[in-house]
Amino acid sequence: MVTRTTQGTEKSAKAGAYGDEETRPQRVSRNPQRTHAMILDAATEEFAAHGFGGARVDAIAARAQTNKRMLYHYFGDKEGLYVAVLEATYAAIRSAEKNLDLTHRNPEEGMRELALFTWHHFLDHPEFLSLLVTENLHEARYLKRSDKILAMHSHFIGELARYGDRVTLWPEDTRGMLPLDEILSSPSDGVFIYCCGPEGLLTATERQCAAWPVGALHVERFAAKPQPEAAVGGDSAFEVVCRRSGVTVMVPPDKSIIEVLEENGVSVLSSCLEGVCGTCETAVLAGTPDHRDSLLTQEERETNEYMMVCVGRALSDRLELDL
Ligand code: FES
């Protein structure tokens, strides 16, 4: 028996018409939504790995198991695809953000929750971080072309409207740089400053807050703070004693404390390995650390009570740690 499909092709209704069931050609069903999603996934990986300039359209098509024609059909051109990838990655973080209950928290807790959420999102989605780095290099050239991304930010901005004149929005492209010298001109008790953004803003805020009470300023970094040049002759070796585990190791100039400890069976919780997140913070029981992290304040550094062993070294010949 022969039936006619809706596409007008003829095929046998009998399972054995091509011989065994396994040898019958599979009918490839077209699913535009799935193809669209597969192209976006493949493009996200390619752009995250190679940036806008280095990403190859044919590699994206191959990874998405489609052809370049389909890619241009859905997204117009490489730039259109790149903007769509940015929109999709921003949509993911903004949609997850909506689950945060920030409005019922006090400001400090709310800011902490938002910062922690953002940090964890970056850790869980390294591709988003790579895309942000690329866009930073482009000075947000492609981000600015998307109205959708602007609209996503508006939701969060709308949440702030309930605070009236207690909140001031300062878009740099229309109002210029934040006047930090005016905003932070005089230290005030009970006022806390939370700052997150590009390194230039963080450094300027730290400089401006030098005379503020200890603990007033909180900065959130996603990349290591530039550190002073190493001493002439480079780093030197030093001894580390782990008092609790009874292990003593020698840290050579070309290795970090955490690397040598791991090699010798002393495990330390870590995450960023850049002195940014604070996961590896360790109590110092004796000796003088050479702090190279981006977290401890000057006052905390001077107490020498704690150090980040992923980047910190020693100014003394020997360090004794609570490990
Ligand atoms: S692992 Fe993040 S500060 Fe050390």
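The values are calculated or read from the model by the stated rules, or taken from the named source; none is laboratory data. Everything numeric here is computed off the predicted structure, so don't read it as measured data. FYI the Cβ positions are ideal-geometry reconstructions off the backbone, even for glycines, and counts take in every protein chain you see.
Summary table below
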item	result
Wholly enclosed helices (runs of 4 or more DSSP H) of the stretch 36-155 bearing at least 3 residues of a type in the set (Asp, Glu)	78-97, 107-124
Candidates Pro213, Pro187, Pro171, Pro179, filtered to the one that is exposed (fewer than 15 other Cβ atoms within 10 Å of the Cβ), free of Cβ contacts under 8 Å to residues at least 40 places away in the same chain and touching a Phe, Trp or Tyr at 6+ places or on another chain (Cβ under 6 Å)	Pro187
Hits in the stretch 180-225 (condition: within 24 Å of Gly312 (Cα to Cα) and of a type in the set (D, E, K, R))	Glu199, Glu206, Arg207, Glu220, Arg221, Lys225
Top-ranked residue of the stretch 296-323 - restricted to ones that are in contact (Cβ under 8 Å) with a residue 40 or more places away in the chain and within 14 Å of the ligand (Cβ to nearest atom), ranked as surrounded by the fewest Cβ atoms within 10 Å (Cβ to Cβ)	Leu323
Any hit, the stretch 109-132, residues being over 21 Å from Leu295 (Cβ atoms) and basic (Lys, Arg)	no
Residue match in the stretch 297-310 (condition: in a strand (DSSP E or B), over 25 Å from Phe222 (Cα atoms), modelled with pLDDT of 95 or more and not basic (Lys, Arg))	no
Selection within the stretch 229-281 - part of a strand (DSSP E or B) and within 9 Å of the ligand (Cβ to nearest atom)	Glu281
